[in-house]
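Report on the structure given below.
The values are calculated or read from the model by the stated rules, or taken from the named source; none is laboratory data. Everything numeric here is computed off the predicted structure, so don't read it as measured data. All Cβ positions, glycine included, derive from the backbone under ideal geometry; neighbour counts span all protein chains shown. Only protein heavy atoms, including side chains, enter the accessible area calculation; ligands, DNA and RNA are left aside. Shrake-Rupley method; radii C 1.70, N 1.55, O 1.52, S 1.80 Å.
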Amino acid sequence: MSVQITSPRFKDNARHALDDAPLQAALSKVGPGFIGRRTAARDLLPEFDALRDSARDIKNHTLAHLDLYLERFEAKVKEAGGHVHFAVDAAEAREIVTRICRDRGAKTVTKGKSMVSEEIGLNDHLVACGIEPVETDLGEYLIQIRGEAPSHIIAPAIHLNKDQVEADFRRVHTHLPPERNLTEPTALLAEARGELRAKFLAADVGITGANFLVAETGTSIIVTNEGNGDLTQTLPGTHIVLASLEKLVPTLEDVSQLLRVLARSATGQEMSVYTTFSTGPRRPQDLDGPGEYHVVILDNGRSAMLAGQLREMLRCIRCGACMNHCPVYHAVGGHAYGWVYPGPMGAVLTPSLIGIEKGANLPNASTFCGRCEEVCPVRIPLPKLMRHWREKEFERHLTPAPVRYGLGIWSFVARRGWLYRPATDLAMRLLAMAGRAKGRFASLPLAGGWTKVRDFPAPQGGTFQAQWKARKSGRAS
Amino acid sequence: MSSRDTVLASVRRALGVSGQEAPRRQEVADRIAGHPRGIIPARADLPHAEQIELFKRMVVGAAGSIDHLADPSEVPGAVAAYLRARNLPLSVLRGQDARLADLPWSSEPTLDVWIGPSDGKQLAGLSHAFAGVAESGTAIMVSGPDNPSTLNLLPDHHLILVRARDVVGTYEEAWDRLRAAYGPGTMPRTVNWITGPSRSADIEQTLLLGAHGPRSLHILLVGGV
Ligand code: SF4
């Protein structure tokens, strides 16, 4: 994949996405599938919301003591015979990984799904160094052979349909008989399994991400359904874990709390199929497992987030629920966000990691409906944090001039009640009259940017202030 | 300054701490020593016989299958029957675990039993679980020569022996047993939690079994009938 950042072109990206029929067909399945499964899983566990509070508190406690948990984790990994490397930024992380690969004369590396790997653009770098990276998560494999970025953090190829997958397999797996039947998804899966099995067994190094790092024991944890990350960290001689520093949790009990909300929020499963806990390299008596174990801990702008409101974003456990429930994501998909993290979590995280100059458009990619916060398993106030970025954007004069002037006029009028009330009242009556027939506007002067892709509801009553006044005087309207 | 020190210093700067504050250090030490449990789902708070029933239901709910056997001596026969029912060669790979070695394999003379880690060529593997967790139907496997981790992942069919007395209600109870076996703060190289057979929904969100790991997972629950 490439980490070329197109976030500044969010609006163009979004427009193209809306005109892309196959993409729209794929996106139409995101909501119904994920939302229903999560709701069903939540309803089966009466303690679900209490566990979300517990998950939030564990993450808050860990972040407040992060320096000490990092030290403890490092000491325990060393004690188990492993190595810990700290990387200040993406370039340093790439360098550490390629150095380990080169020192071992690695020709191919298998990879479990890792968003940090996407963030640091590891694959392109490995290729440039003459090392072949092989993505082994089916979705990641699909986008790798297409040269694309993931469009979802847990379902990277959710934007594709099976005909596209078949065409790609025929294009890439040219050593297989061309007359083979690939119409059924099971045939596609079987082919991928066969192709990747050989790669798993041949790889010199296995690189995985980490869902969690446990300070108590010096353990890295991955969660998968396919078993690909688990093979990646079991078969090659060297296992490298790529993790950002907020993946720390204190104890095995703490991670069990988080695991109870992760799968339910992500895929609606009671538990993912494989949860694999790795601690150090293989032991003297072991007959399998890697001889070397390295953990690369990446900062890349995260430590600075600890200082303010954005610390809350570091609770994120990458479940994907916020994008699964996001009307903007449903409309434009993940690629429009222009970098590796899409949806509401990406709208908050991306500006933190690549800078508000490049990510300024993303916090606006929201209807502020609040569904992301409602479903977030670690209760991140995503709308509040998006608003935080909008304010920053405004302060830094990154907002387009017409918006700034418009808001200037609005604030002048709004601060003068004698002007605001009649002005809004008049606007309201005009709008209500004009939109009476359908109850919504398909186009509206001065609001073309809004109405091109979605309707604007016609006002249904008086202004807020008028309604408020009526309520206060006891005449509920 | 090393990158390690740079990262730690910048974490401390953002938190407004030096890292030397005694109360903070104490809080971290206490949490690790005490490992508090948090919220425990009530669903597995049951008498042991009912926990076993819950375990069986959850295994099936995760698309696994299960045989409940009264006695370990029935395991070789159950393995052979599983393979026959699926038209598989009568051959199974297992680790050195004495609890598996002691089974009466000679009662199934046509069944080939191999010992060692998997190189991906075997269709069926048999492992002994460390524990079973009722709340989600999860088998907990620990690495080592007794039960090499490759057996959990490479064979098409993974059979796991779970003793009824090793079935616990929750993950936390399993951690207590692991700490008792390995010592606090110490882990075997790999602990695999396995909940059902391998699967993927990456093609059009259609759930398909048998992605990279075993296509089917079969639990042999022994005892406590
Ligand atoms: S922000 Fe919350 S809902 Fe979104 S991916 Fe992170 S943890 Fe999940």
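Brief remarks on what is shown
- Among the residues listed as B:138, B:150, the single one being under 30 Å from residue A:45 (Cα atoms), open to solvent by less than 30 Å² (accessible area, probe 1.4 Å) and facing chain A (nearest Cβ under 8 Å): B:138
- Unique residue being of a type outside the set (Gly, Ala, Ser), at the interface with chain B (Cβ under 10 Å from one of its Cβ atoms) and open to solvent by less than 40 Å² (accessible area, probe 1.4 Å) when the list is A:96, A:120: A:96
- In the stretch A:320-336, the residues that are within 13 Å of the ligand (Cβ to nearest atom) and not in a loop (DSSP other than H, G, I, E, B): A:321, A:322, A:323, A:324, A:329
- Single residue of the stretch B:114-129 satisfying the filter (within 13 Å of chain A (Cβ to nearest Cβ) and in contact with a helix residue (DSSP H, G or I) (Cβ under 7 Å, 6 or more places away or on another chain)) that is surrounded by the fewest Cβ atoms within 10 Å (Cβ to Cβ): B:120
- Residue match in the stretch A:82-105 (condition: in contact (Cβ under 8 Å) with a residue 40 or more places away in the chain and closer than 30 Å to residue B:136 by Cα): no
- Unique residue being touching a residue at least 60 places away in the same chain (Cβ under 8 Å) and over 27 Å from residue B:143 (Cα atoms) when the list is A:179, A:246: A:246
- For the stretch B:78-97, the criterion of a residue being farther than 29 Å from residue B:199 by Cα and either assigned to a helix (DSSP H, G or I) or open to solvent by less than 60 Å² (accessible area, probe 1.4 Å) (or both) is satisfied by no position.
- Residue match in the stretch A:223-232 (condition: part of a strand (DSSP E or B), β-branched (Val, Ile, Thr) and crowded, with 16+ Cβ neighbours inside 10 Å): yes
- Of all the criteria given as (1) open to solvent by 60 Å² or more (accessible area, probe 1.4 Å); (2) at positive phi, the one not satisfied by residue A:81 is (1).
- When residues of the stretch A:151-173 are limited to those that are of a type in the set (A, V, I, L, M) and open to solvent by 40 Å² or more (accessible area, probe 1.4 Å), the one nearest to residue A:20 (Cα to Cα): A:167
- Hey, residue A:108 open to solvent by 10 Å² or more (accessible area, probe 1.4 Å) and β-branched (Val, Ile, Thr) or not: yes
- Lone qualifier among A:167, A:128 - being over 23 Å from residue A:206 (Cα atoms), over 26 Å from the mean Cα position of the chain (by Cα) and in the same structural domain as residue A:115 (by TED's automatic domain parsing): A:167
- Per the listing A:217, A:208, the residue uniquely closer than 29 Å to residue B:34 by Cβ and either in contact with a Gly (Cβ under 6 Å, 6 or more places away or on another chain) or free of Cβ contacts under 8 Å to residues at least 40 places away in the same chain (or both) is A:217.
- Residues located in the stretch A:289-319, provided they are within 14 Å of the ligand (Cβ to nearest atom), outside any helix (DSSP H, G or I) and surrounded by fewer than 24 Cβ atoms within 10 Å (Cβ to Cβ): A:316, A:318
- Among the residues examined, residue B:220 qualifies as surrounded by fewer than 24 Cβ atoms within 10 Å (Cβ to Cβ), more than 9 Å from every other protein chain (Cβ to nearest Cβ) and assigned to a strand (DSSP E or B).
- Single unsatisfied condition, residue A:213 versus (1) in a loop (DSSP other than H, G, I, E, B); (2) surrounded by 20 or more Cβ atoms within 10 Å (Cβ to Cβ); (3) more than 9 Å from chain B (Cβ to nearest Cβ): (1)
- Residue in the stretch A:270-280 that is within 16 Å of the ligand (Cβ to nearest atom) and either facing chain B (nearest Cβ under 10 Å) or open to solvent by less than 10 Å² (accessible area, probe 1.4 Å) (or both) present: yes
- Residue count for the stretch A:318-337, restricted to those that are in contact with a Cys (Cβ under 9 Å, 6 or more places away or on another chain) and over 21 Å from residue A:13 (Cα atoms): 2.
- Of note, residue A:341 satisfies the criterion of being hydroxyl-bearing (Ser, Thr, Tyr), within 16 Å of the ligand (Cβ to nearest atom) and under 9 Å from the mean Cα position of the chain (by Cα).
- Unique match (being modelled with pLDDT under 95, open to solvent by 40 Å² or more (accessible area, probe 1.4 Å) and more than 20 Å from the chain's Cα centre (by Cα)) among A:148, A:179, A:191: A:179
- Residues being open to solvent by 70 Å² or more (accessible area, probe 1.4 Å) and either at positive phi or touching a Pro at 6+ places or on another chain (Cβ under 9 Å) (or both) - total across the stretch A:23-56: 1
- Answer from A:362, A:382 - the residue that is open to solvent by less than 10 Å² (accessible area, probe 1.4 Å) and within 12 Å of the ligand (Cβ to nearest atom): A:382
- Number of residues in the stretch A:347-358 that are within 25 Å of residue A:30 (Cα to Cα) and either near the ligand (Cβ under 9 Å from one of its atoms) or surrounded by fewer than 24 Cβ atoms within 10 Å (Cβ to Cβ) (or both): the value is 2.
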